[in-house]
Amino acid sequence: MPTFHWTPLQRASREHITLRAPLGALACILLLALVLAACSNGNSASGSSNGSTITMGSGIFSGNTSITIKAGDAVTFDDSAGGPHDLVIGTGGQFVAASGAPSDLNNSDGVNFNGGDKKAIVFPNAGTFHITCKIHPSMQATVVVTT
């Protein structure tokens, strides 16, 4: 008949146990932070807040090109990474006047940008406004302004 020897399990030291609780709490906090970061889109251009931004690149709008804001809020057009742009209300590189559009964009001259420029434009009236670049006709963005 085989012989079995029973050896009691050693208990963890008090120091070992007291380190587990803070490390577990820290791990939970980091996990929660990661989940919250993943849930937010990180792009301020998609929300309806005072910090909406449309980013321009070399001949393109990059990121979210369709945003919603409230009347009286500004949209910042960021050309930090781009080249020259001439933004107007319209489509396909052509200016088309729109009732209620910001006066800066609602004229055939539009708003000129050079690489590095950032300009905030206030949208005072509700409506849907299509924005295009006269230099790069494929650049299209839409700003929906609610009351």
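The values are calculated or read from the model by the stated rules, or taken from the named source; none is laboratory data. Quick caveat: nothing in here was measured; it's all calculated off a predicted structure. Cβ atoms come from the backbone with ideal geometry, glycine included; neighbour counts cover every protein chain shown.
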Next on the checklist: Please determine whether any residue of segment 73-85 is in the same structural domain as Ile121 (by TED's automatic domain parsing), part of a loop (DSSP other than H, G, I, E, B), more than 16 Å from Lys134 (Cα to Cα) and touching a strand residue (DSSP E or B) at 6+ places or on another chain (Cβ under 6 Å).
Outcome noted: no
Checklist entry - Of Ser48, Ser80, Ser44, which residue is touching a Lys or Arg at 6+ places or on another chain (Cβ under 8 Å) and modelled with pLDDT under 60? => result Ser48
Item to check | Odd one out for Val145, checked against (1) in contact (Cβ under 8 Å) with a residue 40 or more places away in the chain; (2) more than 21 Å from Gly59 (Cα to Cα); (3) exposed (fewer than 15 other Cβ atoms within 10 Å of the Cβ) | outcome: (3)
Checklist entry - Across segment 123-141, which residue is farthest from the chain's Cα centre (by Cα) among those that are surrounded by 15 or more Cβ atoms within 10 Å (Cβ to Cβ) and of a type in the set (Val, Ile, Thr)? => result Ile135
